[in-house]
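Down below is the structure, laid out as structure tokens.
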Amino acid sequence: MKNKILLFCLLTLSHCLPNIVSGQQAKVTSPPIVNQAGYNLDEAKRFVCYGAPNGTAFEVLPVGSPGKAPFKGKIVDFAGDFTAFNPEAVTGEFIIRVPGFGDSKPFWIADHLMEKLSSQLAYQFFIDVRGSEDPVYSDEQHVAGGGPSRDGGAYTLEAVYETLLYASNPALFDRWHEDFDDAAVPDLIKLILWHAEFAYQHRDYNGPTAHRPYDIGHPDQQLQRYDYQNTLDQLAAVCAAYHSFLKPYLDEAKYQRYRQACLQHWEAYERDRVVRYWVKSQKWIDVGWQEFNEMGNVFGQAVFRNLFMYLCEKNEADGQPEKFLAYAREAAQDIIQNWDFNNPRHMWWIRNGEHITPQALAFFLMVAPESAPYGIREKLAAWTEHMKAKTNNFWQYRKHSDTEWAHPKTKELGNTGLGGSMFAVAHLLDDPQLRALGWSQVNQVFGLNPAQAHYSNKSQERLDLNGYWAGIETGWPDAHPNGAGKLGLVRGTLDGTPLDNMFPYNPEPDKDEVISYYATEGWAVTNRAWMSSVVFSTLGSHQLRVLNKDGQEVNEVVTGDVVTIELKAALNQNWNAAEEGWVLIQSGQEAPQPIKVTETGPNTGIFTAKYTPDLPPKTVVRISYGYLGFEKVKEFTIK
């Protein structure tokens, strides 16, 4: 995989042409621009130095340690690649030095660095942005959009992506209990259950809300004030998770109430199908009824919700799994047939909803590959080629067209979910090129962009809340702390992105004509898009192995022999201590049981446990980590 990623990065650099003649000196130049936090070990790593001629040398240097550079390279089309540089267990920072252009900001290179810095903030945002602390009596008329999140409705789909977040790396989220101060229940689980109860209590709510720039309903219907239909999408995710990991925390009677709410209203609420022309927006960017809208109906929601119900119903004696699987297949076939990459209303114009479409198709292949309709892989492969073409520039930024990089008037924070889509699809198609492009989307969030700023404003208020990313020197230059979402005191908020007039590199655009990177305001649905990148990042990096005493992988084990269970996962939060996690072990038909794994040393990112089976021959032992399609599984047979 490492060699594939390195080859792709070199090929990309040789073919990505900027909007000026390749190799010529630009009138405006930049220092080396990097991901300010840093880069994951064994993943793609690159920087941009605008104006540097082809062949310009660069060095990667430890901060404060003069001497021989541990890595050197050449710039091609304003970009440098150092994917091959993977210093093990180093806690110090590095810089990029380009003679004549200066030094970059310092950055780390570390095991699962992005996940280390972002996983907790990803859900803490959704703790802080809740319109109330009570999911039942939530004071909707004083909450913009009605909630559960301020300036959002049920369409924010909090429970859907929180459920996937936990499923992707459960042992990590089991560590954190401080926000809700409940030693028995992890914070993320408490948050999922809070959103589930809100969804249940609002499953038919159509009362007043504070400001909202839209109405709900088809053109020939009486319009609604709240998108209560989307509460079932959230309940469906929780019902699926009940059978995977929520059973210890969710009372069965309450779960059955959630399930029955879905079963009773599913078809009446159009949850069985793709919903079109359902949101009447007053926003200038999407005024009126559009086919799909981020504020209520996104291409792909129907696949997710019906797959969740399928996973739920498979476990019920009176379940109807085939009905929901058929609905999911029909919705996926709709996407295969009608998803038009050249229609902006299906792509970047949906903004914060765009990430859902490819992720939904990917989820089908993750949880029910044998039942997926023909054409899903082919559609995702076509999307991959489209994205490779649109990111064929030195920023590896997804451009709108040959003449427009980004929107000229409004931020595009929905792009923060593009990395998640690329990670999911790259995993399924075994495409390291696409995975590398996914990391470029993450890099943009962390400052590798024309503004040279992280997309989140680094306010003192957020720092005081411990609600900001470590390692970021320059945050977004403005914020809108008292807007509809009241995000000033919300941890992990994203605020703005470069507009079109900042590209290809124009850090000081004409602010009188277009308020460029001050086009700023965070939004809950934006942070959901970003959460999806955290969710799907681990698909290509988690590994699970079973090793014999000689360190060789085994598929058969003699009863009584000692084997080593080895997990590589994004659990490395403390570089100065050996940490712990767990995996599930299942022998034959017995229920799975957790077994503790311990890091082999500080900052190794490898977690192991010794296991001695005492089982009859032919017993199959199953080791797993993760849920809902994110499982890493290793099986061996007793002989």
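The values are calculated or read from the model by the stated rules, or taken from the named source; none is laboratory data. It should be emphasised that the depicted structure is a prediction, and the values quoted were computed from it without experimental measurement. Methodologically, a virtual Cβ is constructed for each residue, glycine included, from the backbone with ideal geometry; neighbour enumeration extends over all protein chains shown.
Some values worked out for this structure:
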quantity: Residue, nearest to PRO344 (Cα to Cα), within the range 289-325, restricted to residues that are in a loop (DSSP other than H, G, I, E, B) and aliphatic (A, V, I, L, M); calculated: VAL298
quantity: Some residue of the range 389-405 being of a type in the set (Lys, Arg) and in a helix (DSSP H, G or I); calculated: yes
quantity: Within the range 517-556, considering residues that are of a type in the set (A, V, I, L, M) and more than 25 Å from GLY605 (Cβ to Cβ), the one surrounded by the fewest Cβ atoms within 10 Å (Cβ to Cβ); calculated: ALA519
quantity: ASP215 vs. criteria surrounded by fewer than 21 Cβ atoms within 10 Å (Cβ to Cβ), at pLDDT below 95 and not aliphatic (A, V, I, L, M); calculated: no
quantity: Residues located in the range 270-288, provided they are outside any loop (DSSP other than H, G, I, E, B) and surrounded by fewer than 16 Cβ atoms within 10 Å (Cβ to Cβ); calculated: GLY288
quantity: Looking only at the range 611-632, and only at residues there that are part of a loop (DSSP other than H, G, I, E, B) and within 30 Å of ALA424 (Cβ to Cβ), the one that is nearest to the chain's Cα centre (by Cα); calculated: PHE630
quantity: Cross-chain or 6+ apart pairs with Cβ under 9 Å, the range 386-404 first and assigned by TED's automatic domain parsing to the domain that holds SER440 and in contact (Cβ under 8 Å) with a residue 40 or more places away in the chain, then assigned to a helix (DSSP H, G or I) and among the small types (Gly, Ala, Ser); calculated: MET387/SER421; THR391/SER440; TRP395/SER440; GLN396/ALA436; GLN396/SER440; TYR397/SER440
quantity: Scan of the range 582-606 for residues that are in a strand (DSSP E or B) and in contact with a Phe, Trp or Tyr (Cβ under 9 Å, 6 or more places away or on another chain), ordered by number; calculated: TRP582, VAL583, LEU584, ILE585, PRO594, ILE595, LYS596, VAL597, THR598, GLU599
quantity: Residue in the range 30-37 that is assigned to a helix (DSSP H, G or I) and within 30 Å of ALA524 (Cα to Cα) present; calculated: no
quantity: Residue list for the range 44-70, restricted to those being within 30 Å of ASN506 (Cβ to Cβ) and assigned to a strand (DSSP E or B); calculated: ARG46, PHE47, VAL48, ALA57, PHE58, GLU59, VAL60, LEU61
quantity: Qualifying position, being touching a helix residue (DSSP H, G or I) at 6+ places or on another chain (Cβ under 7 Å), modelled with pLDDT of 95 or more and among the aliphatic types (A, V, I, L, M), among ALA210, ALA184; calculated: ALA210
quantity: Filtered residues of the range 182-192 (kept if under 18 Å from LYS247 (Cβ atoms) and surrounded by fewer than 21 Cβ atoms within 10 Å (Cβ to Cβ)); calculated: ASP182, ALA184, VAL185, LYS190
quantity: Breaking point among (1) closer than 30 Å to TRP284 by Cα; (2) assigned to a loop (DSSP other than H, G, I, E, B), for VAL442; calculated: (2)
quantity: Residue check, PRO373 farther than 25 Å from ASN338 by Cβ and either assigned to a helix (DSSP H, G or I) or in the same structural domain as GLU294 (by TED's automatic domain parsing) (or both); calculated: no
quantity: Total residues in the range 561-582, condition in contact with a Leu (Cβ under 7 Å, 6 or more places away or on another chain) and closer than 13 Å to LEU172 by Cβ; calculated: 5
quantity: Condition check for ASP179: out of contact with any Pro (no Cβ under 7 Å at 6 or more places or on another chain), among the charged types (D, E, K, R), over 23 Å from PHE536 (Cα atoms) and surrounded by fewer than 21 Cβ atoms within 10 Å (Cβ to Cβ); calculated: yes
quantity: Residue match in the range 421-430 (condition: at positive phi and without any contact (Cβ under 8 Å) to a residue 24 or more places away in the chain); calculated: yes
quantity: Unmet requirement for TYR137, which otherwise passes all of (1) without any contact (Cβ under 8 Å) to a residue 24 or more places away in the chain; (2) surrounded by fewer than 17 Cβ atoms within 10 Å (Cβ to Cβ); (3) in contact with a His (Cβ under 8 Å, 6 or more places away or on another chain); calculated: (3)
quantity: Close pairs (6 angstrom Cβ cut-off, 6 or more residues apart or separate chains): at pLDDT 95 or above in the range 354-371, among the β-branched types (Val, Ile, Thr) and not in a helix (DSSP H, G or I) anywhere; calculated: ILE356/VAL298
quantity: Selected residue [modelled with pLDDT of 95 or more, touching a helix residue (DSSP H, G or I) at 6+ places or on another chain (Cβ under 7 Å) and closer than 26 Å to GLY319 by Cα] from ASP227, ASP233, ASP179; calculated: ASP233
quantity: Set PHE308, PHE299, PHE292, PHE324: member being buried (at least 24 other Cβ atoms within 10 Å of the Cβ), more than 25 Å from the chain's Cα centre (by Cα) and modelled with pLDDT of 95 or more; calculated: PHE324
quantity: Qualifying residue in the range 473-485 (condition: among the acidic types (Asp, Glu) and either touching a residue at least 60 places away in the same chain (Cβ under 8 Å) or under 28 Å from ARG398 (Cα atoms) (or both)); calculated: yes
quantity: Scan of the range 218-241 for residues that are surrounded by fewer than 24 Cβ atoms within 10 Å (Cβ to Cβ) and either outside the structural domain of LEU191 (by TED's automatic domain parsing) or more than 25 Å from ASP139 (Cα to Cα) (or both), ordered by number; calculated: HIS218, PRO219, ASP220, GLN221
quantity: Any hit, the range 373-395, residues being under 16 Å from PHE536 (Cβ atoms), of a type in the set (Val, Ile, Thr) and surrounded by 24 or more Cβ atoms within 10 Å (Cβ to Cβ); calculated: no
quantity: Subset of the range 250-269 [surrounded by 18 or more Cβ atoms within 10 Å (Cβ to Cβ) and outside any helix (DSSP H, G or I)]; calculated: LEU250, TRP266, TYR269
quantity: Among (1) surrounded by fewer than 23 Cβ atoms within 10 Å (Cβ to Cβ); (2) at pLDDT 95 or above; (3) under 21 Å from the mean Cα position of the chain (by Cα) - the single one TRP349 does not satisfy; calculated: (2)
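Here's the yes/no breakdown for (1) modelled with pLDDT under 95; (2) under 26 Å from the mean Cα position of the chain (by Cα); (3) assigned to a loop (DSSP other than H, G, I, E, B):
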residue	(1), (2), (3)
LEU6	yes, yes, no
SER22	yes, no, yes
PHE85	no, yes, yes
ILE95	no, no, no
